[in-house]
Amino acid sequence: MASTEAHGMAAENVNNTTMLEIRRISTTNHQGGSPLPLSEIGGRAFGSHESNPPSTESSPTAARPPDRLLPITESLGRGGLLGIIGGSLWILGVFGFITFLWFGQGSKPEAANATGLWRFIALNNYFPQTITLSAIALRVVVSFQAVVCTSMIAAIVLEKHGAQKTQMAWLSVMRGINDGPLKLCGLLVSSKSIAVLISQIEIWFTFLMIIVTSALQFSSTLLLSDINNFTIVGDPNSTQFNDLLLFQKGDFFIQVQPSLIINQPPVFAVFGEAQAGFNATPNVNGLSDTGLIQRSLLPIPGSDARSSIRKFEATTIVLTTQSACIRPQIRAVYNADTYDDISGRDNFGYITGTVDYERTFKGAGIKQSSLCNDTTCEEVAFECPIPRSYTDNWQTVTCLFDGIVGGGGPANFDPVWDPADGVWSRNTSIALVITTNVDFKNWESITNTSALPAGIPYQEWQSYEFGIGTGQFVNISLCSSGFSLGRFNTSMSTPRSLREPTTALALTSRIYSTTDIQSFMGTSEPQRGHFDRNVLDLEILGPPTSDNRSSPAFQPAYVPSVGGNITVGRLTTAILESAMYNELAVGFKPNTSLSLCYFCTTIGYPVNPEISLLFGDIVSGTGRAANALLSLTTIEFISVYYTYLSTFRVRQDARIVATTSVSAPGPCSSNSCLGFISVTTLLFVHLLCVAVITTVYVRRVRYSRYGNIWHTISQLTGDGLTDMLKEAQNAGDAEVERVMDEEYKDRKVKVGRQRAGGPIEVINI
């Protein structure tokens with residue numbers, strides 16, 4: 001029976017050999033690709049299940065040198081090279097693009113000089129989508145490279161270190177196909193001692209590949225964690241804003257209520273200023289003059305929207321104003337007025353007298369003034385209050401007595417004040433600015449009307465001491481302030497974001513600060529530049545380009561209260577001027593006093609505390625009453641303009657550049673960018689692993705080909721594996737491994753040749 005079975009097996013082998021010879025299949029060895037000798041093919045067909053070494057004398061390959069390394073094009077193949085080299089270049093390219101997203105803002109603030117692509121992504125809020133797609137591109141390539149590296153590590157382990165025989169099938173097949181390093185890591189760890197695990201570098205690289213590949217699956221989450229609200233300068237945009245009053249004959253009504261807006265909380269809105277700087281420091285004659293100042297406002301009601309403007313070109317309303325102060329020559333008497341109110345007994349002072357214009361102007365070096373006639377200057381009478389201070393701080397009021405209030409109102413409305421007439425002219429507001437530190441006790445001691453003592457000249461002030469050595473003074477300066485409004489084609493710009501200041505005033509507290517507003521108005525010393533003051537650079541380009549005979553601005557209008565027959569363009573500015581004069585010179589009445597003090601007792605028209613505190617702080621802090629009047633005029637211009645802005649119904653074109661808030665990464669100079677740093681580190685470690693594994697693979701592998709499957713199966717012969725392959729045809733892995741563990745426990749094998757020219761198979765180590 002045994003003989004018959006042997007004969008049958010031999011016959012089967014002969015038939016197989018005959019079929020191989022008839023089909024003339026050329027079997028290629030794994031060393032260099034040359035056909036195997038027919039004697040070797042026959043030996044495999046007729047021999048037993050295990051390889052028997054042929055006779056050295058009869059074998060033509062017995063004396064061959066050791067197997068050479070496979071060419072990289074054969075060991076890795078096109079797919080492997082594409083995955084390693086092409087994939088690495090792809091990773092570097094995607095990483096470069098991500099780096100561009102993080103650091104492409106440019107060198108100027110708010111990404112003003114960023115590249116067009118970066119700005120396109122930012123302005124369209126495409127950063128989250130772009131980062132997500134970039135992360136997907138990274139994950140795909142990293143995962144593919146992890147598969148290739150798994151094949152290479154499996155090949156290195158099989159050919160260099162070897163493994164337990166139970167793992168040979170997995171490791172061999174992994175050289176051709178696998179789903180990543182996780183299974184490979186489990187195989188290597190399960191069969192190694194701790195000492196081997198520490199010393200075998202392939203295991204560490206497998207660990208790294210698992211960690212890095214897994215971590216990079218969260219690359220989009222990591223990168224998106226760096227997204228912040230980023231302020232970026234937008235592209236130039238054409239839009240429309242309110243510009244003119246809508247005048248309809250028979251349906252136009254305007255009523256200006258005196259001292260209404262000045263009692264309201266002021267609007268410290270961003271404005272444009274044409275002058276690079278101004279200086280009201282008095283000269284040797286005591287003349288303090290701001291010079292001609294031009295300021296313009298943005299026709300934008302919202303504070304945040306105004307602060308976002310970087311450039312604005314349109315027709316705007318421009319305030320032209322000038323203030324000046326000199327030492328007055330006064331003849332006057334003063335007294336105190338004591339009265340009782342709900343809070344108790346209180347008092348303040350008042351002063352009555354005349355100002356000698358001729359001596360005053362001569363002393364200040366002013367040679368010409370329309371306040372005087374051709375031959376002489378008259379003395380002008382006044383009657384003004386003097387405040388009583390609650391604190392040690394100086395308290396200030398203004399008292400208008402001449403100029404625009406001296407003749408029953410403005411001489412004309414087109415314009416009210418012409419800058420060409422100078423600051424000391426008929427249509428300016430002539431006022432005494434009075435500041436004092438006289439307290440309740442001193443005013444209470446004054447019971448009779450007394451002549452004003454001789455004044456002590458100091459800069460633009462005449463200083464009068466109430467009582468010798470008391471340290472209680474009343475300082476008086478003669479000031480003139482004029483303004484006019486006009487429509488001009490303007491351009492306003494700033495290099496960075498601006499901020500509108502506040503006083504941070506609590507009405508129940510004496511603690512406050514007007515420092516920011518003084519800087520904003522340009523009255524702090526030393527004066528700062530426009531940007532540091534949060535002011536726009538103003539350039540007046542000329543008359544309105546949109547105004548022509550057919551434009552709404554040239555539409556005729558008849559309004560008796562502002563001069564009769566005028567155009568709608570002039571009507572718009574005239575109404576604003578009228579409103580401002582009714583705030584600053586209430587009713588155009590002489591001896592009108594504004595209570596520009598807060599911690600005081602006085603009589604006059606009330607003023608919002610934020611305005612009065614600012615005015616008093618400028619006077620007491622710098623001594624420049626002209627600057628205080630300039631700030632007061634500017635504040636009223638701002639408040640009146642934005643009060644009436646909603647009434648402007650005729651719109652006009654404008655071209656703006658504004659900032660917008662976008663979701664963008666970085667900038668890393670002000671943010672941590674931990675997500676970018678994490679992904680950068682992971683990619684570096686990944687590429688380092690790929691480079692090292694590839695280098696070792698190319699320099700060590702002789703029998704493995706990435707992406708090829710048949711050789712991974714055909715090399716599972718030798719050392720009893722041929723029988724095992726047949727026995728495992730209908731068995732699970734667990735059953736096969738159990739049998740192998742019983743028979744070959746702890747036996748280490750690897751892939752190689754038993755002899756030169758022999759078959760590539762599993763051999764014992």
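From the phi of every residue in segment 682-696, what ³J(HN,Hα) in whole Hz does the Karplus formula 6.51 cos²θ - 1.76 cosθ + 1.60 yield, where θ is phi - 60° and glycine or proline is x?
4, 5, 5, 5, 4, 5, 5, 4, 4, 5, 5, 4, 5, 4, 5
For the chain, with every protein chain kept in place, what is the accessible area per residue (1.4 Å probe, Å²)?
Heavy-atom SASA per residue in the chain reads 46 Å².
Please calculate the 1.4 Å probe accessible area of W90, with all protein chains present, and give it to the nearest 10 Å².
Approximately 130 Å² for this residue.
With the full set of protein chains in place, find how many percent of the accessible area of the chain is carbon and sulfur; take the probe as 1.4 Å.
56 percent
May I ask you to derive the FRET efficiency for N125 and Q264 from their Cβ-Cβ distance with R0 = 30 Å, giving the value to the nearest 0.05?
That pair, N125 with Q264, gives E of 0.20.
For segment 270-319, what D do you get in µm² per second when you plug the Kirkwood radius from alpha-carbon pairs into Stokes-Einstein at 4 °C and 1.567 mPa s?
99 µm²/s
Subtracting the Cα-Cα distance from 0.36 nm times the residue separation, let me have the gained length for C668 to L89 in nm, one decimal.
Result: 205.9 nm gained on full extension.
Given H placed on each backbone N at 1.01 Å, which residues far from T717 in sequence or on other chains put an amide H within less than 5 Å of it?
Counting only residues 5 or more places away or on other chains, the set is V762.
Run the quick spin-label model on F100 and D251: label points 7 Å from Cα toward the beta carbon, then report their separation in nm to one decimal.
Going from the F100 label point to the D251 one covers 5.7 nm.
Tell me whether segment 560-670 comes out rounded, prolate or oblate; compute the Cα gyration tensor, take square roots of the eigenvalues as a ≥ b ≥ c, and use a/c under 1.5 as the rounded threshold.
oblate
About its Cα centre, what dipole magnitude does the chain give when the only charges are +1 on Lys and Arg Cβ and -1 on Asp and Glu Cβ, stated in debye to the nearest 20?
Rounded to the nearest 20 debye, it is 2640 debye.
Need one number: nm distance between label points at L507 and V140, each 7 Å from Cα along Cα→Cβ, rounded to one decimal.
Placing both labels 7 Å along Cα→Cβ, they lie 6.5 nm apart.
Mind giving me the nanometre distance, one decimal, between the label points for I201 and D340, set 7 Å out from Cα along Cα→Cβ?
That separation, rounded to one decimal, is 10.3 nm.
Pairs of Cα atoms under 8 Å, at least six residues apart: use those to get the relative contact order of the chain, whole percent.
Dividing the mean separation by the residue count of the chain yields 24 percent.
Compare the Cα positions of T213, A451, G752 along the charge dipole of the chain (+1 at Cβ of Lys, Arg; -1 at Cβ of Asp, Glu; about the Cα centre) and return the one farthest towards the positive end.
Comparing the listed Cα positions along the dipole, G752 ranks first.
Based on the mean of other beta carbon atoms within 10 Å per residue, what is the order of 297-308, 251-262, 418-429, 725-736, most packed first?
Result, highest mean Cβ count within 10 Å first: 418-429, 297-308, 251-262, 725-736.
Once a ≥ b ≥ c are taken as the square roots of the eigenvalues of the Cα gyration tensor of the chain, is the result rounded (a/c under 1.5), prolate (a/b larger than b/c) or oblate (a/b not larger than b/c)?
It comes out prolate by the Cα gyration axes.
Lone cysteines in the chain, going by a 4.7 Å Cβ-Cβ cut-off?
Within the chain, the cysteines lacking a partner Cβ under 4.7 Å are C149, C185, C689.
Non-local amide H neighbours of I386 (under 5 Å, H modeled in plane, Pro and chain starts lacking H): which ones?
Under 5 Å from the amide H of I386: G349, Y350, I351.
Using a simple charge model, +1 on the beta-carbon of Lys and Arg, -1 on the beta-carbon of Asp and Glu, nothing else, what dipole does segment 481-571 show about its Cα centre, in debye to the nearest 20?
160 debye
Whole Å is fine, so just give me how far the alpha carbon centre of segment 74-151 lies from that of segment 576-615.
Segment 74-151 and segment 576-615 have Cα centres spaced 65 Å from each other.
What full-extension length gain, to one decimal in nm, is calculated for I211 and L292 as 0.36 nm per residue of separation minus the Cα-Cα distance?
Net length gain for the segment: 22.1 nm.
Pull up the cross-link candidates among the lysines for K108, meaning alpha carbon to alpha carbon under 16 Å and not fewer than 8 places away within one chain.
Qualifying lysines at Cα under 16 Å: K311.
Run lengths n ≥ 4 of DSSP H only: what is the helix-derived mean residue ellipticity at 222 nm for the chain, with -39500 (n - 2.57) per run over all residues, to the nearest 500?
So the calculated ellipticity at 222 nm is -11000 deg cm²/dmol.
Among V650, L260, Q200, which residue has its Cα furthest toward the positive end of the charge dipole of the chain, with +1 on Lys/Arg Cβ and -1 on Asp/Glu Cβ?
So the residue furthest toward the plus end is Q200.
Starting at the first residue of segment 608-620, write each ³J(HN,Hα) from the Karplus equation 6.51 cos²θ - 1.76 cosθ + 1.60 with θ = phi - 60°, in whole Hz, x for Gly and Pro.
So the Karplus estimates, Gly and Pro as x, are 3, x, 5, 6, 5, 5, 5, 4, x, 5, 5, 5, 6 Hz.
What is segment 474-554's relative contact order, in percent, from Cα pairs under 8 angstrom and six or more apart in sequence?
37 percent
Return the FRET efficiency for the residue pair W710, T239: r is the Cβ-Cβ distance, R0 is 56 Å, and the value is rounded to the nearest 0.05.
0.20
Can you tell me how much longer the chain between A454 and V692 gets when fully stretched, taken as 0.36 nm per residue apart minus their C-alpha distance, in nm with one decimal?
Roughly 76.0 nm would be gained on extension.
What FRET efficiency would be calculated for the residue pair T470, F531, taking the C-beta separation as r and a Förster radius of 60 Å, to the nearest 0.05?
With R0 = 60 Å, the Cβ-Cβ based efficiency is 0.85.
Starting at the first residue of segment 213-229, write each ³J(HN,Hα) from the Karplus equation 6.51 cos²θ - 1.76 cosθ + 1.60 with θ = phi - 60°, in whole Hz, x for Gly and Pro.
4, 5, 5, 6, 5, 9, 4, 5, 5, 4, 5, 5, 5, 8, 5, 10, 6
Indicate the gyration tensor shape class of segment 478-599 (rounded, prolate or oblate), computed on the Cα atoms with a ≥ b ≥ c the square roots of the eigenvalues: a/c under 1.5 is rounded; otherwise a/b larger than b/c is prolate and the rest oblate.
oblate
The values are calculated or read from the model by the stated rules, or taken from the named source; none is laboratory data. The structure presented is a predicted model; accordingly, all values stated were derived computationally and were not measured. Every residue, glycine among them, receives a Cβ derived from its backbone with ideal geometry; neighbour counts consider all protein chains shown. Please note that ligands, DNA and RNA were not included when accessible areas were found on the heavy atoms of the full protein model with its side chains. Shrake-Rupley method; radii C 1.70, N 1.55, O 1.52, S 1.80 Å.
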